[in-house]
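These notes are about the structure you will find just below.
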Amino acid sequence: MTLPQVAGGAQLLAEQLAAVLSQMPDPSGGPAAGQLERELAEAFGVPHAVALSSGTATLHAALSACGIGPGDDVLVPALTVIMTVAPLAALGATPVFVDSDPATLDLDYDDAARKLTARTRAIIPVHLWGRMGDPAALAAFASEHGLAVVEDAAQASGTARHGQRAGTVGTAGCFSMKDGKILWSGEGGFLLTARRDVAEHAAAFRSHWQPAPPGQAAHSRLATNARLAAPLAVIALANLRRLPDLVNLRRAQAGRLLHALEQVPGLAAVAPAMGEEWNGFAALLHLDLPSPRGFAERLAQQGVPNSTGSFRLVPCDRRPMFTLSDRPCRGAAEILDRTLAVILTERDTEATLDRYAAVIAREATAWTARCRTPRTSPANTPGTPLPAPPASPPERTLPHDDHTGTPLLHPRPADRDRGHHRSRQDVSHPPRPRGARCARRPGARRDCARCQAAAARRVLPAGRRTARLRRSPARRPAGGQRGGPVPARRHTVGRDLAPAGHQALRSGHRCR
Ligand SMILES: Cc1ncc(COP(=O)(O)O)c(C=O)c1O
């Protein structure tokens, strides 16, 4: 598949930038951002577009315009980047993580329904990798529960489903123009909305409430500076005018890479959904290989940039600030573990893509062979080029964070169900094979669970032995009315286990 030529590269941009630079400095900011907004609204077929300094700022402004604030719960997929969630923290709202369906990558609406509370005000569907969920299902869920919809369409310019463009389905659609996005300007973002009040709020919000929405005084409310600088607006404008070509190019790039890998065992292209016109943001492959995250990291080391291997993308509910959630989103984890998302940019030529394909095919074959090779084989001796991935998921007596591999000190209900724990005490003292030696003794093979638990506790600063859990969702009583707030619960983090752990370290004990 040959890549299409896209007109208007660096040369054209340089000329347009030179024109705006000759008019700078201009304290008014110049006309470029306003022109960009008019052309964005026209290109996306919406009444209003507001340009801001980043995708994060755009989400912040949109959520603020929807009235999200302290005490509100907002449903957000765990299958997203931290930038989706940061604006919620800034507004004092609580993110409630919702799982995704591995078969469709769409939100798991059953899980979303379970997580509704009396405080739930909005939902943020995220079109990760440019993939768009079913807009009808989203609209039905939001209207049934009276929720504002703020779409995180940062990666989704050019995607549509059943004729509806990503970013135009909800109350507001938020886009990023950071480098790497299809419509890029270095840094930047824009918001699309059909509602005048939302657009006016966002325009005031990005500039310290000046100009204020009609009927309000300038600077009568605290906001922020998230204006888009004129040179970036000029770049965005130039790229907007060739957006259809840029989307075609990205689709062709993803298509070329996926086509080249069609016959490689263990890799399968992730197909768009029915009725989805996917923008091809990243080449998506389902990995049916052992230790898929290790494989993605291996590719990153070999110069193939990808979401999990290069950027360590993990489900948001597994990030350190949220890991006390007692219901991990396992669908999101499965999707991220098993999806190779190769990052593409406008500058990736046919030669680059063919190199990526060759590396991925070579490494996939070697990875599979390596996993089949017994550990004692000469092919697995130190100094050979591939790190040895485990032939099967490592057997863990102590529950581990699925992504960082660190031991979890909290018994998760699912782990308990799987028999990882028999009691709280067992969290740090799970059953061990009789006679296994602790790694801290000479000749031992691996750390025992006691030493792992004690080592993990040592990284907690003194006084941080307790941690507050996120509020649990209030259950609806049978009558349908949602329940009130549920009191926050507190978990102790290994406080009562510390002496045993330290003693284990001192004594270099033999596990019983
Ligand atoms: C899905 C998603 N949401 C939000 C953002 C935040 O955008 P920005 O980096 O422009 O603030 C990004 C940026 O990469 C993103 O990919």
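Taking each residue of segment 51-68 that is more than 10 Å from Ala202 (Cα to Cα) and outside the structural domain of Ala202 (by TED's automatic domain parsing) and looking for partners that are more than 9 Å from the ligand (Cβ to nearest atom) and part of a helix (DSSP H, G or I) with beta-carbon atoms closer than 6 Å, six or more apart or interchain, yields nothing. Take the conditions (1) exposed (fewer than 15 other Cβ atoms within 10 Å of the Cβ); (2) away from the ligand (no atom under 16 Å from the Cβ); (3) modelled with pLDDT of 95 or more; Pro25 misses just one of them, which is (3). Within the bounds of segment 195-208, is there any residue that is in contact (Cβ under 8 Å) with a residue 60 or more places away in the chain, touching a strand residue (DSSP E or B) at 6+ places or on another chain (Cβ under 9 Å) and within 11 Å of the ligand (Cβ to nearest atom)? No, segment 195-208 contains no residue that is in contact (Cβ under 8 Å) with a residue 60 or more places away in the chain, touching a strand residue (DSSP E or B) at 6+ places or on another chain (Cβ under 9 Å) and within 11 Å of the ligand (Cβ to nearest atom).
The residues of segment 326-360 that are in contact with a Phe, Trp or Tyr (Cβ under 9 Å, 6 or more places away or on another chain) and crowded, with 20+ Cβ neighbours inside 10 Å, listed by number, are Pro328, Cys329, Ala332, Thr339, Leu340, Ala341, Val342, Leu344, Asp348.
Checked against (1) at positive phi; (2) outside the structural domain of Thr168 (by TED's automatic domain parsing), Gly45 passes all but a single condition, namely (2). Return yes or no: is Val150 crowded, with 21+ Cβ neighbours inside 10 Å, within 13 Å of the ligand (Cβ to nearest atom) and β-branched (Val, Ile, Thr)? Spelling it out, Val150 is indeed crowded, with 21+ Cβ neighbours inside 10 Å, within 13 Å of the ligand (Cβ to nearest atom) and β-branched (Val, Ile, Thr). Filtering segment 182-204 to residues that are of a type outside the set (Asp, Glu) and surrounded by fewer than 23 Cβ atoms within 10 Å (Cβ to Cβ) leaves Leu183, Trp184, Gly186, Ala194, Arg195, Arg196. Filtering Ser176, Ser157 for residues that are within 11 Å of the ligand (Cβ to nearest atom), closer than 17 Å to Val50 by Cβ, of a type in the set (S, T, N, Q) and under 22 Å from the mean Cα position of the chain (by Cα) leaves a single hit, Ser176.
Among the residues of segment 136-150, is there at least one that is touching a Ser or Thr at 6+ places or on another chain (Cβ under 9 Å), among the charged types (D, E, K, R) and not assigned by TED's automatic domain parsing to the domain that holds Ala332? Within segment 136-150, not a single residue is touching a Ser or Thr at 6+ places or on another chain (Cβ under 9 Å), among the charged types (D, E, K, R) and not assigned by TED's automatic domain parsing to the domain that holds Ala332. Only one of the listed residues (Val76, Val81) is farther than 21 Å from Gly146 by Cα and either of a type in the set (Ser, Thr, Tyr) or within 12 Å of the ligand (Cβ to nearest atom) (or both). That residue is Val81. Given the conditions (1) surrounded by 22 or more Cβ atoms within 10 Å (Cβ to Cβ); (2) more than 16 Å from the ligand (Cβ to nearest atom); (3) under 24 Å from Arg195 (Cα atoms), report the number of the one that Ala140 does not fulfil. Exception for Ala140: condition (1).
For Leu59, the requirement of being modelled with pLDDT under 95 and not polar (S, T, N, Q) is not met.
From the list Arg256, Arg206, Arg221, which residue is of a type in the set (Lys, Arg) and outside the structural domain of Thr56 (by TED's automatic domain parsing)?
On the way: Arg206 fails: outside the structural domain of Thr56 (by TED's automatic domain parsing); Arg221 fails: outside the structural domain of Thr56 (by TED's automatic domain parsing).
Going through Arg256, Arg206, Arg221 in turn, just one is of a type in the set (Lys, Arg) and outside the structural domain of Thr56 (by TED's automatic domain parsing): Arg256.
For Leu91, indicate whether it is aliphatic (A, V, I, L, M), more than 23 Å from Lys181 (Cβ to Cβ) and within 16 Å of the ligand (Cβ to nearest atom). Here the answer is yes, as Leu91 does meet what is asked.
Restricted to strands (runs of 3 or more DSSP E) entirely inside segment 114-225, those with at least 2 residues that are under 23 Å from Thr94 (Cα atoms) are 120-123, 148-152, 172-176. Among residues of segment 303-332 that are within 25 Å of Thr94 (Cβ to Cβ), those with a beta-carbon under 6 Å from a residue that is of a type in the set (Val, Ile, Thr) at least six positions away or on a different chain give the pairs Cys316/Thr80; Cys316/Val85.
The values are calculated or read from the model by the stated rules, or taken from the named source; none is laboratory data. All of these numbers come straight from a predicted model, not from anything done at the bench. All Cβ positions, even for glycine, are placed from backbone atoms using ideal geometry, and neighbour counts span all protein chains on display.
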